[in-house]
Each structure stands twice: as C-alpha cells, then as structure tokens.
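Comments concern the structure below.
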Amino acid sequence: MMSRFTALVRETFRDAEAARDPAGVVSSKTLITCIVICLSLALSKYWGGNAAFYSFFRFIGLSDWLASLSAPDARLYTLLWWAAMVIFFYLIIPVGVIRLIFREKITDYGVKLKGALEYRQLYLIMLLIMIPVLVIVSFSPAFQSKYPFFMPGADEPLFPRLVIWEVAYLLQFLALEFFFRGFMLHATKKTLGFYSIFVMIIPYCMIHFNKPLAETLAAVVAGFVLGVLSLRSRSIWLGVAIHGTVAVAMDVLSLWQKGRLLF
C-alpha cells in the first residue's frame, strides 16, 4: 500500500506543479477563495453556536417556544442549527461563489462522479486501518465524553431523534469535504500547485482543536491523504464516504460503550 501511495503522491506532485501558474503569480480567484474561507470559518464558528441559536429564535419572536424545550430537545435543535450553519457556509456559500463569481462548473471542484471510484482500494485500506483504531480509542474516557454529540435520554429509543441527528451529521460532512477538499483545494491549485494541500491542512487541523488530541493529530494525516486523492482524482465522493463512515462508527462505538447497543 505504501509504495503505491508514494507513487501516487509523486504523480500528483508532478502533474499539479506542471499545471500551476508561473511562479509569483497570484490570481484574483485565489485571493477571493482565501477571503471566503476565512469568512466562512469565522461565521460558521460564531453563528453556529448555542448563543446564536437562541438569539435568532428570540429575534423572530419564538421565545416561548425556546422556553418550552426540554434539555434533550434543546440539545438536538442546537446541534441541528450548528449542522445547518456548517452546510450553509461550507457548501452553499462556496457553490454560490463558484457559479456567480468564478463563473465555473461545480463539477470542476471535486463533485464529478466520473473517476470517483478510481482509488477505491486505497480508501478501503484506510477504512480497514481506521476501524480497529477506533475500537481501541473508544475505550478512552475522552472519547466517550465527546461522542455521540447527541445522546438520547436513558428511556428514549434511538429512533427517530438520533437518526435525524445522524442524517444532519452526515450532510455536514459532505459540506466539510466540499469546503476543504473541493472548493479550497481546487480553487487554489493553479496558484499553489501541490502545496495547496498543505495550505488546506492548516485550517482543517484547527477546526479539530476542540476534539481529543489523537483525533486532531489524525486529521493532519487524513487531510493530506484525502487532499492527494482529491487532487489526483478530482473527486471528493470517496472522501465523503470514508469520513461519514468513520463518524457514524465513532457514534456507534460510543453508544456501545455506554450500553445503548446490544453488540
């Protein structure tokens, strides 16, 4: 696997560097992308929090509804609000920029289906490596205290509220992959070439700062691997699949550790 991936990195480096603009040339598209990335990260962080959720619904006159929410309801709705903000700023805004400002096709930013399965064996190997690691990590108190983000009440069935949350959770991972491995990577590759991957990894690592240390460090490695594969295949779909699978597996393992599942 390592030899094949090393060869893939070399090929991606060669092609990305050959396609980049002349040294020293920074396009307006790269500058706009950097501004959009900064604003999207900042606004999704500050407007996606609990305070913003309560402020918004009070502003539109739903204070009584907020006061009527039970603790589990409030937790679910604030999480759904956070997911909605991530989807808006990581997906909707970049798509608008691509179509209305860059005047380009969305398929040029990692969402084309053609070639999406080209490196499926590498993704499968990554997944097979990750699952045993997740099982081991799931025994740690830090992991169990963090996941799942939405925990049903002791007497509450897992359906429907946990399922509703997991669907929203998966959709925000689609937005996340598009934001980092689609929009950010493919909008800057003409200026930065292969090094657009490393620029992308920096904010991707930073959004994990509230997670356990092992997960934050793993995000650096995952960001590099998924960045190489997106740059090479021009598709984020298997990255979305593996990211979503790992995320759901983490929640399932946490529920198992808490005795909410029978296996």
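Brief remarks on what is shown
- Descending principal axes extents, the chain, alpha-carbon based, whole Å: 60, 45, 31
- Nearest 10 degrees, 0 to 90: helix 50-59 Cα axis against the chain principal axis: 70
- Per-peptide packing, taken as the mean over residues of other Cβ atoms within 10 Å, places 235-245, 200-210, 217-227 in the sequence 235-245, 217-227, 200-210 from highest down.
- With every protein chain in place, segment 116-204: carbon and sulfur % of accessible area (1.4 Å): 78
- Inter-centroid distance (Cα atoms) of segment 92-109 relative to segment 168-194, Å: 12
- Over segment 105-263, Cα pairs under 8 Å with separation of 6+ residues give a relative contact order of 43 percent.
- Partners for K190 among lysines (Cα-Cα distance below 25 Å; same-chain residues under 8 apart left out): K29, K105, K112, K114
- Length-normalised contact order of segment 9-143 in % [C-alpha pairs under 8 Å, at least 6 apart]: 21
- Folded to 0 to 90 degrees: helix 2-19 orientation relative to the chain principal axis, Cα: 60
- Principal-axis analysis of the Cα atoms of the chain puts helix 161-177 at an angle of about 20° to the longest axis.
- Accessible surface of segment 220-263, 1.4 Å probe: 72 percent of it comes from carbon and sulfur atoms.
- Averaging 1/r across all pairs of distinct Cα atoms in segment 45-86 and inverting the result yields a Kirkwood radius of 10.3 Å.
- In this label model, Q144 and R103 are separated by 5.9 nm, measuring between points 7 Å along each Cα→Cβ vector.
The values are calculated or read from the model by the stated rules, or taken from the named source; none is laboratory data. All values derive from a computational prediction rather than experimental measurement. Cβ coordinates were reconstructed from backbone atoms using ideal geometry, including for glycine residues, and neighbour counts include every protein chain displayed. Please note that ligands, DNA and RNA were not included when accessible areas were found on the heavy atoms of the full protein model with its side chains. Shrake-Rupley method; radii C 1.70, N 1.55, O 1.52, S 1.80 Å.
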